[in-house]
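Peer 1: Below are the C-alpha cells for one structure; questions will follow.
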Amino acid sequence: MAWTLTVTQLNEYVSRSLAGDPALRFLSLRGEISDLKKYASGHWYFILKDENSRIQCVCFRQKNMLISFPVENGMKVVLTGAVGLYTASGSYQFYADTMSLDGMGELYLKYEAMKARLMKEGLFDVSRKKPLPLLPRMIGVVTSRSGAVIHDIATVTRRRYPGMQLVLRPCLVQGENAAPDIAAGIAEISRVPGIDVIIVGRGGGSMEDLWAFNEEIVVRAIAACPIPIVSAVGHEVDVTLSDLAADERAATPTEAAEKCVPEYRAVVQAIEKYKNALLRAGQTHLLRQKALLSALENRLNREHPALRLKKARGQAELYTARLQMLLEKKLSLKKADIQRLTEKMNALGPRQALQRGYAFVLAGGKPVTSVDDAQEKMTLVMQDGTINVHVDSIRKEDPFGEEAAIL
C-alpha cells in the first residue's frame, strides 16, 4: 500500500536521507561564485556554478568569519561541507563549512589588482566614455570568424536595419595569443573609413576562457580607440575589464547589436516626426515674422516722411495763425495805448494851454519859467501870435500867494 505523506513529512524524510548519506556529509565542492548576497545577519547566500550546472549554497556567519580572503562574485573556490534540504521550500542546497581559493582564485586576485590599478589611472572613468552614434554608416566587429557572436550580430542587424554594413576583423578570442590579436584588431578596424562604432566580444565561458579580455593590452586598446566601442564579452554575469573600459557594455552580442543598430522603421518614424515638427516650427516662425513685418510696415507708414511733413506743416500753420492773432492783439493794444497817450498829450499840450488863456515867455528863444531867468526884453507867445515886451520891474513872489517880495 502506497504511503500518503504531507509535504512537510516528505521534505523531512528527504532531509534525513541526505543527512544520513556519508558521501554527502563531508564533501568538497569546486565551482565559481555568483549571485553572492551578504545579509545583515552575517549569513552568506550564493550560487556555485560550473560550465553546465549550479547549486544554491549557504555559509553561516560562524563559518564565514573564519575565511581569510575577501569573497566576491566570479571567484573560483573549493567548499567543504554537506548537502542538505531546506524543508520550507523543498530545495536542496550545499551548507559550506570552509572555503578556499581554487587555482582560478589566483587569477581573480590578479583581475582585482589590475582593475584597481587601471581604475586609478582613469581608464574606466565615465567622463571619458564616448556616446554611440544615432545612425552609424558601418559597424566594425572584432571577434572570432567561426563563433556564434558574428552570426547573432548579423542576424539582429539585418532584422533591425536591412542594408547596414558590417565589417569583420576576425581574431582569436581565447588562448595565449588572443590578447595581442584582439588589440591589433581594434587598432586596425578603427582605421577603416566609414566605421562609426565597433563591437568587441565573444561568447560565454569561465574566467580563464575570458581572460584575454582582461589583459592590459586589450583594455588599453579599447580605452585609446577614437571610435566608440561596445563590449559584449561572455554572459550577463561575466564582467571583464574590457567591459569597464568600453564606452558601452552589452550583456550579450545580441544586445550589443541592438544598442548599435537602430530599427529602420523607428528611424523613418523619427525622421517623419522631426520633419513635421520642423515644418510646424518653420510655419510658426514665418507667421511671426509676417506679423512683425506687418507691424513694422504700419509703423513705417505712420512715420512716413510725407506724413510727418504734412503734420509739421499743419502745426506750422497753426503756430503761424496763433502768432498772427497774438501780433494783431498786441498791435491793437499798442494802438489803443498810443491813442490814449495822444489824447492825453493833446489835452496837456502847449496849444491847449494857450487856448485856455495862458502865454509862454521866451527870452533869447528859450522858455522862461522863473523870474530869475527873466531878461529886459522878452517875447510873449499867445495862441494867435507873439508880443515883444520890455521889462520895467521884476517881483518874485508866489503868484497865487498873498505876499510878494520886490527885488
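The values are calculated or read from the model by the stated rules, or taken from the named source; none is laboratory data. Just so it is clear, the model here is predicted, and its values are computed rather than measured. Every residue, glycine as well, gets a Cβ built from its backbone with ideal geometry; the counts of neighbours run over all protein chains shown.
Peer 1: Restricting to region 142-185, name every residue that is part of a strand (DSSP E or B) and surrounded by 15 or more Cβ atoms within 10 Å (Cβ to Cβ).
Peer 2: Within region 142-185, Val142, Thr143, Leu166, Leu168, Arg169, Pro170 qualify.
Peer 1: While we're looking at this one, here's another question. Tell me the residue from Asp209, Asp196, Asp243 that is touching a strand residue (DSSP E or B) at 6+ places or on another chain (Cβ under 9 Å), at negative phi and in a loop (DSSP other than H, G, I, E, B), please.
Peer 2: After ruling out the rest, the residue left standing is Asp209.
Peer 1: Determine whether region 242-261 contains at least one residue that is of a type outside the set (Phe, Trp, Tyr) and touching a Cys at 6+ places or on another chain (Cβ under 7 Å).
Peer 2: Checked against the condition, which is being of a type outside the set (Phe, Trp, Tyr) and touching a Cys at 6+ places or on another chain (Cβ under 7 Å), region 242-261 yields no hits at all.
Peer 1: Quick one: in region 53-80, which of the residues that are free of Cβ contacts under 8 Å to residues at least 40 places away in the same chain and assigned to a strand (DSSP E or B) is surrounded by the most Cβ atoms within 10 Å (Cβ to Cβ)?
Peer 2: Ranking the candidates gives Cys57 first.
Peer 1: Any residue at all in region 345-359 that's at pLDDT 85 or above and not basic (Lys, Arg)?
Peer 2: There is at least one residue in region 345-359 that is at pLDDT 85 or above and not basic (Lys, Arg).
Peer 1: Further question: Quick check on region 200-220. Is at least one of its residues over 22 Å from Gly74 (Cβ atoms), aliphatic (A, V, I, L, M) and at pLDDT 95 or above?
Peer 2: So far as region 200-220 goes, no, none of its residues is over 22 Å from Gly74 (Cβ atoms), aliphatic (A, V, I, L, M) and at pLDDT 95 or above.
Peer 1: Return the residues of region 89-98 that are exposed (fewer than 15 other Cβ atoms within 10 Å of the Cβ) and in contact (Cβ under 8 Å) with a residue 60 or more places away in the chain; say none if nothing qualifies.
Peer 2: Listed by number, the list holds a single entry, Gly90.
Peer 1: Any residue in region 339-349 that is assigned to a helix (DSSP H, G or I), loosely packed, with under 10 Cβ neighbours inside 10 Å and not acidic (Asp, Glu)?
Peer 2: Taking every residue of region 339-349 in turn, at least one turns out to be assigned to a helix (DSSP H, G or I), loosely packed, with under 10 Cβ neighbours inside 10 Å and not acidic (Asp, Glu).
Peer 1: Does any residue of region 260-270 turn out to be in a helix (DSSP H, G or I), of a type in the set (A, V, I, L, M) and at pLDDT 90 or above?
Peer 2: The answer is no; no qualifying residue exists.
Peer 1: Another question, then. Any idea which of Lys275, Lys290, Lys310 is modelled with pLDDT under 85 and either touching a helix residue (DSSP H, G or I) at 6+ places or on another chain (Cβ under 6 Å) or surrounded by 10 or more Cβ atoms within 10 Å (Cβ to Cβ) (or both)?
Peer 2: Step by step, each of Lys275, Lys290, Lys310 is checked, and only Lys310 is modelled with pLDDT under 85 and either touching a helix residue (DSSP H, G or I) at 6+ places or on another chain (Cβ under 6 Å) or surrounded by 10 or more Cβ atoms within 10 Å (Cβ to Cβ) (or both).
Peer 1: Which numbered condition in (1) modelled with pLDDT of 90 or more; (2) surrounded by 14 or more Cβ atoms within 10 Å (Cβ to Cβ) is the only one that Ala116 fails?
Peer 2: Only one criterion in (1) modelled with pLDDT of 90 or more; (2) surrounded by 14 or more Cβ atoms within 10 Å (Cβ to Cβ) is unmet by Ala116, namely (2).
Here is a yes/no grid of residues against (1) in a loop (DSSP other than H, G, I, E, B); (2) touching a residue at least 40 places away in the same chain (Cβ under 8 Å); (3) farther than 30 Å from Gly205 by Cα:
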site	(1), (2), (3)
Thr8	no, yes, yes
Tyr13	no, no, yes
Arg16	no, no, yes
Leu29	no, yes, no
Glu32	no, yes, no
Lys37	no, no, no
Ser41	yes, no, yes
Phe46	no, no, no
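Peer 1: Could we say that Ile222 is farther than 30 Å from Arg54 by Cα and buried (at least 20 other Cβ atoms within 10 Å of the Cβ) here?
Peer 2: So Ile222 passes the test.
Peer 1: If you don't mind, there's one more thing I want to ask. Under 8 Å by Cβ, and 6 or more places apart or on different chains, what pairs join a residue from region 164-183 that is on the phi > 0 side of the Ramachandran plot with one that is among the hydrophobic types (A, V, I, L, M, F, W, C)?
Peer 2: Gly175/Ala212
Peer 1: Only one residue in Arg308, Arg313, Arg299, Arg395 is of a type in the set (D, E, K, R) and more than 60 Å from the chain's Cα centre (by Cα), so which one is that?
Peer 2: Going through Arg308, Arg313, Arg299, Arg395 in turn, the sole match is Arg395.
Peer 1: While we're here: Among the candidates Tyr95, Tyr39, Tyr13, single out the residue that is of a type in the set (Phe, Trp, Tyr), at pLDDT below 80 and not assigned by TED's automatic domain parsing to the domain that holds Gly205.
Peer 2: Tyr13
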